[in-house]
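Just below is one structure, and these are the notes that go with it.
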Amino acid sequence: MNGQCCFFTCRLYEYHFIDENKSCRLRNSTQNQGEAWIGLNNNTDGNRTWHWSLPGVEYIQNDSSCNLNERTGKEPPGNCGRKRYDNGDKKLADVSCDHTMWFICYDEKKADKKTLYLITTLMNWTQAQSYCRSIYTDLASGLDQVDGGEMKDLINSNGGSMSVWVGLFRDSWRWSDGGDFSFRYWDMQLFNDEQSNKTCAMTLLNRSGNWSSDECDKEKPFFCYDDKLILIKENKTWEEALDYCRKYHRGLVSITNPYQQRWAEVRAKNASSPFVWLSLRYSCTLDLWFWVNDKLVCYEKWGREGKTEECGRAVGMESGGQHDRWFPLSGAKWAKNKEERRTRDRKADQLIIKQFHD
């Protein structure tokens, strides 16, 4: 595709730590050290909503595959999802999160062309989630992962019958901006979801940023954010998008970890073009892919075809796909021949480097 035009996204979220003690409801109380409010609070009507553990994967309430009334007689009811596989019969159930069983991890890096791993160690749901996030990406989430072909092969290769945790949970916590982002980072040694008087969430600055909850009228420092991830609903070439974002915002988006990818995926769903531009570009002069803000390419999410090391290529993230993967597209207006493209590429490199250092 030559001279590809796409919508594009400018910047990501900016977070600001406010070192002033305030309560979630702006009432007076005592100062708390090492804790800061975040915008998550417990829905007091007790209405729980199902989420997939992997951020950005949407739970569809009316999907016929999500029948959660399939517990066996020995399983206590609860707020975590387990999947039972029995010779092709696949049943979801809402089981107590303290129950222990095997579980399925998802790895988006596709090591050895695999994404799913069966862990045959008995853990409760929270322990399983922590394990998957530390070793892989997360618990298997979404029906594409939980009921897909790779899962079927994995189950059949391990006997064809088992019950396992998957990345499904429900809670009554809601974000103050109305967002349905499913990421949770509770410190399970300190957090108790049944404490009805502790309905505001805080991050524990002295415990690796894990979360707990407290009474909302206590005073603590707090975090604010500016939503700087803006979908520009105009079709432009990559070079035009780069210039636009630098002129009116702070630059095209760079994505360096899976959580930034999830934020970008949410915005990209509102695009009418098949792709949205990111700031990742291939340079023939430097012979590498690089983010134009000089960040290292440590995180990648390429489509099945992988990278294309070719002059003038830039990354478009698919906007309507189920996995929002990256694809190398022609980012420049088309040049007539290979040498002209290389010349244009060298000039673009020099301009990008100059703008960055300026």
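Only one of SER96, SER134, SER130, SER141 is under 19 Å from ASP324 (Cα atoms) and either of a type in the set (S, T, N, Q) or within 16 Å of the chain's Cα centre (by Cα) (or both). Can you tell me which?
Answer to the check: SER141.
If I ask for residues that are in a loop (DSSP other than H, G, I, E, B) and within 20 Å of the chain's Cα centre (by Cα), which ones from the range 179-207 would you list?
Listed by number, the residues that qualify are GLY179, ASP180, PHE181, SER182, PHE183, ARG184, TYR185, ASP187.
If I filter the range 97-113 down to residues being in contact with a strand residue (DSSP E or B) (Cβ under 7 Å, 6 or more places away or on another chain) and more than 27 Å from LYS74 (Cα to Cα), which single residue comes out as surrounded by the fewest Cβ atoms within 10 Å (Cβ to Cβ)?
Going through the qualifying residues, I end up with ASP107.
Just to check your reading of the model, which residue among CYS97, CYS132, CYS80, CYS105 is assigned to a strand (DSSP E or B) and closer than 19 Å to MET188 by Cα?
CYS80
Among the residues of the range 213-234, write down those that are outside any loop (DSSP other than H, G, I, E, B) and farther than 26 Å from VAL266 by Cβ.
ASP214, GLU219, LYS220, PRO221
Given the residues VAL266, VAL292, which is the only one that is touching a helix residue (DSSP H, G or I) at 6+ places or on another chain (Cβ under 7 Å), closer than 23 Å to LEU231 by Cβ, touching a residue at least 24 places away in the same chain (Cβ under 8 Å) and surrounded by 16 or more Cβ atoms within 10 Å (Cβ to Cβ)?
On inspection, the qualifying residue turns out to be VAL292.
Can you name the residue in the range 167-178 that is in contact with a strand residue (DSSP E or B) (Cβ under 9 Å, 6 or more places away or on another chain) and in a loop (DSSP other than H, G, I, E, B) and is also nearest to CYS132 (Cα to Cα) among such residues?
Only one residue fits best here, namely SER172.
Could you check the range 175-220 and list, in sequence order, the residues that are modelled with pLDDT of 85 or more and among the basic types (Lys, Arg)?
Selection gives ARG184, LYS198, LYS218, LYS220.
The values are calculated or read from the model by the stated rules, or taken from the named source; none is laboratory data. In this text the structure is predicted, and so the values were computed from the model without any measurement. Cβ atoms come from the backbone with ideal geometry, glycine included; neighbour counts cover every protein chain shown.
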